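Following: one structure in structure tokens, then a few remarks.
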Amino acid sequence: MVRYLLQWLGFGALVGILSGSASAVFLILLDWATEYRDAHLWLLALLPLAGFCIGYVYHHYGANSVQGNNLLLEELYQSKQPIPLRMTPLVLFGTIFTHLFGGSAGREGTAVQMGGSLADQLNKWISIDSESRRILLICGVAGGFASVFGTPLAGAIFSLEWMLTRQFRWKSLFPAFWAAFVADWVCEIAWGVGHTAYFIPEIPAHTLANLLWIFPAGIAFGLAAWLFAQVGHGFGDLFKKYISYPPLRPVIGGLILAVFVYATGAFDYIGLGVPRIVEAFETPLPWYDFLAKIGLTGLTLGSGFKGGEVTPLFFTGATLGNALSVWIPLPLALLAGCGFVAVFSGATNTPLACTVMGMELFGYEAGVFLGLACLVAYLASGKSSIYSAQKFHQKYPWP
């Protein structure tokens, strides 16, 4: 036990430093890209050109990096080959380009891929067995997720729940939590990179009537998660079926997206959409916001642009909760917060991590409502997943 603790104190800290620093650099560049794009909206016209650059680089130099988060899952299930270091710069600059020129995407996928890629490089310098390598991958995912959102507890639990589909291994627990806390500290304290604050000012009493209203809301959130996954996979399959040359796919996708946004003035739905998410906690918004974000994100990522899905899932859930406040007699901010984490829960099959994340972001007072919404959404989504490689009955070749 002493040897185990000393080993993972060292490995976990190293992975946390690497993933936290990578997330800090990424967030700084992402803030710059977002601010510059918002000040120069004409950049959206260059989205097809940016798409070709991203597609060309990934097609000719990306190798298996193009699989993204699914590659991390596949390597955890059955180790085949090291995750290439090139994944880190490719996904970093691919995501920055996507946001700079107006694609609709998130940031979690980028941080997780960078964390996993950097963690796996230790396998080249340190002689470790296959079990330890899998734990390193879990640490990388935990560190990337924790540092990009400022939620260390949720980051650790997400890495375990997402990668192990709730088949927790005791040897993974300490390394995952330790790497997540170190990464969060490095990003926020050492680098000084902050995170968006969200507030639920009013928490109603835990009466039976109030709790029962969460059930129809949770079902709606689960169906939205199912729709998000289906739209993303559908666009991906469509582009692969009809466009054989991969670099051309984001060109066509970028052209369709740019024309749509210019024609409709839908600039609120490009990029991360964080300002719109904040609005969802404060004031009524158009009911169709969540559908617009689902469609544009599916088009962006399905055609080959880079980025994550989680922030668009936050957008989808928060705006859907905002719309449901017209019919459900619960505070608007509470419904937005429940949707924020519940749609994420349904789309990634991680209800425990999403409940904890909600409490870290919004306060522990809302925990009962958040947990119930995440559980119902997870069940209502039918175990659909935005990650095609996620398996629910995987038997792992390690204790």
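The values are calculated or read from the model by the stated rules, or taken from the named source; none is laboratory data. What you see is a predicted model; the values in this text were computed from it and never measured. Glycine gets a Cβ as well: all are built from the backbone with ideal geometry, and neighbour counts include every protein chain shown.
Miscellaneous remarks
- I96 vs. criteria surrounded by fewer than 23 Cβ atoms within 10 Å (Cβ to Cβ), touching a residue at least 12 places away in the same chain (Cβ under 8 Å), out of contact with any Cys (no Cβ under 8 Å at 6 or more places or on another chain) and not in a loop (DSSP other than H, G, I, E, B): yes
- Among the conditions (1) outside the structural domain of G307 (by TED's automatic domain parsing); (2) out of contact with any Leu (no Cβ under 7 Å at 6 or more places or on another chain); (3) under 24 Å from K383 (Cβ atoms), the only one that L227 does not satisfy is (1).
- Single residue of S130, S172, S147 found to be assigned by TED's automatic domain parsing to the domain that holds I17 and free of Cβ contacts under 8 Å to residues at least 60 places away in the same chain: S172
- Residues satisfying the stated conditions in region 350-376, i.e. surrounded by fewer than 23 Cβ atoms within 10 Å (Cβ to Cβ) and in contact with an Asp or Glu (Cβ under 8 Å, 6 or more places away or on another chain): L352
- Helices (runs of 4 or more DSSP H) wholly inside region 121-165 containing at least 2 residues that are surrounded by 24 or more Cβ atoms within 10 Å (Cβ to Cβ), modelled with pLDDT of 85 or more and among the hydrophobic types (A, V, I, L, M, F, W, C): 130-149, 152-164
- V274 being more than 21 Å from the chain's Cα centre (by Cα) and assigned by TED's automatic domain parsing to the domain that holds P351: no
- The lone criterion from (1) of a type outside the set (A, V, I, L, M); (2) modelled with pLDDT under 80; (3) in a loop (DSSP other than H, G, I, E, B) left unmet by N64 is number (3).
- Cβ separations smaller than 9 Å between residues 6+ apart or across chains give the following pairs from region 101-119 residues that are within 20 Å of R134 (Cα to Cα) to residues that are surrounded by fewer than 24 Cβ atoms within 10 Å (Cβ to Cβ) and of a type in the set (F, W, Y): A119/F11.
- Pair list, Cβ under 7 Å, 6 or more apart: region 341-365 residue in the same structural domain as F145 (by TED's automatic domain parsing) and under 24 Å from L227 (Cα atoms), other residue in a helix (DSSP H, G or I) and aliphatic (A, V, I, L, M): none
- Residue in region 30-44 that is crowded, with 17+ Cβ neighbours inside 10 Å and under 30 Å from L122 (Cα atoms) present: yes
- Of everything in region 99-120 that is part of a loop (DSSP other than H, G, I, E, B) and under 16 Å from the mean Cα position of the chain (by Cα), the residue that is surrounded by the fewest Cβ atoms within 10 Å (Cβ to Cβ) is R107.
- W191, sole failed condition from (1) under 22 Å from V15 (Cβ atoms); (2) surrounded by 24 or more Cβ atoms within 10 Å (Cβ to Cβ); (3) at pLDDT 95 or above: (2)
- Sub-9 Å Cβ pairs linking a first residue in region 275-288 that is closer than 14 Å to G339 by Cβ to a second residue that is among the basic types (K, R) and part of a helix (DSSP H, G or I), at least 6 apart or interchain, are R276/K293; L285/R276, ordered by first then second residue.
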